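Below is one structure; the comments refer to it alone.
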Amino acid sequence: MTALGFLYPGHSGEDDYPRIEQLLGSDIRVDLVHTDTGGDAHRVDALREMGSPRQLEESTAELRLAGADAVVWACTSGGFVHGWEGAQEQVRFLARTAGLPASSTSFAFVHAAKELGLRRVAIGTTYPEDVARLFADFLRTGGLETVSVAGSGVVTAAEAGTWTETEVLALARAADHPDAEAVLLPGTALHTAAHIPVLEKELGKPLLTASQVTVWEGLRLADRRVNAPELGALFTREPVIQA
């Protein structure tokens, strides 16, 4: 049994995780521990506080006691708003506190894109413009070029969590660009796990979503590879060998 531990802020799109667990197979367990958001606003100051050591420490220890093999901070914006170096320090803190391999959704996007051999991506986000720009900056530091950004200015994760397949599809379409090799939907509040095959068929290219790459990152840390076509190209393609 492989046990994957995820720290998830508040309550919005967490239904994706048990759904993904069902698609992965009976020998993988997904453990989700909710952290205190300290507020639900998509503001840079609030997001930095959400991912601070004070907010994460207690929940990280809980995952260690639950027997997790790896831990991932399942909040994209609560990672990249700290910048590349700050997000690395955040992950190091999680690893020290849990005594486990650790990562975050922000780094999961970079690692997943490299797994697929991507260089140019489009971003579809519910974030305000200033927060979306910080994500594009983070990706650039990780070696990815952002060719387009579509935002919607949603103020809270709770609101994003109410979005249906129709709204998620509209966001992905708005983000897509002819030069983009994939579309990224970074909001962990969005429900996307049930829609990935439909979205990839519509776009004609890989789709990377927050819950999808977060679980993939946990599997990567645990040195597990799972073929799960219903979770899209990321879970079906052979890894790209980097030169």
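The values are calculated or read from the model by the stated rules, or taken from the named source; none is laboratory data. On a predicted model such as this, the values are computed, not experimentally measured, just so you know. Neighbour counts are summed over all protein chains in view; Cβ atoms, including those assigned to glycine, are modelled from backbone coordinates with ideal geometry.
Key figures for this structure:
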quantity: Residues satisfying the stated conditions in region 212-243, i.e. among the hydroxyl-bearing types (Ser, Thr, Tyr) and modelled with pLDDT under 95; calculated: Thr236
quantity: Cβ-Cβ under 9 Å pairs, at least 6 apart or on other chains, region 137-151 side buried (at least 18 other Cβ atoms within 10 Å of the Cβ), far side in a strand (DSSP E or B) and polar (S, T, N, Q); calculated: Leu139/Thr146; Val149/Thr125; Ala150/Thr125; Gly151/Thr125
quantity: Hits in region 4-20 (condition: in contact with a strand residue (DSSP E or B) (Cβ under 8 Å, 6 or more places away or on another chain), buried (at least 18 other Cβ atoms within 10 Å of the Cβ) and outside any loop (DSSP other than H, G, I, E, B)); calculated: Leu4, Gly5, Phe6, Leu7, Tyr8, Pro9, Tyr17, Ile20
quantity: Flag if His82 is in contact with a Gly (Cβ under 7 Å, 6 or more places away or on another chain) and not β-branched (Val, Ile, Thr); calculated: yes
quantity: Qualifying residue in region 193-203 (condition: over 21 Å from Ala74 (Cβ atoms) and part of a loop (DSSP other than H, G, I, E, B)); calculated: no
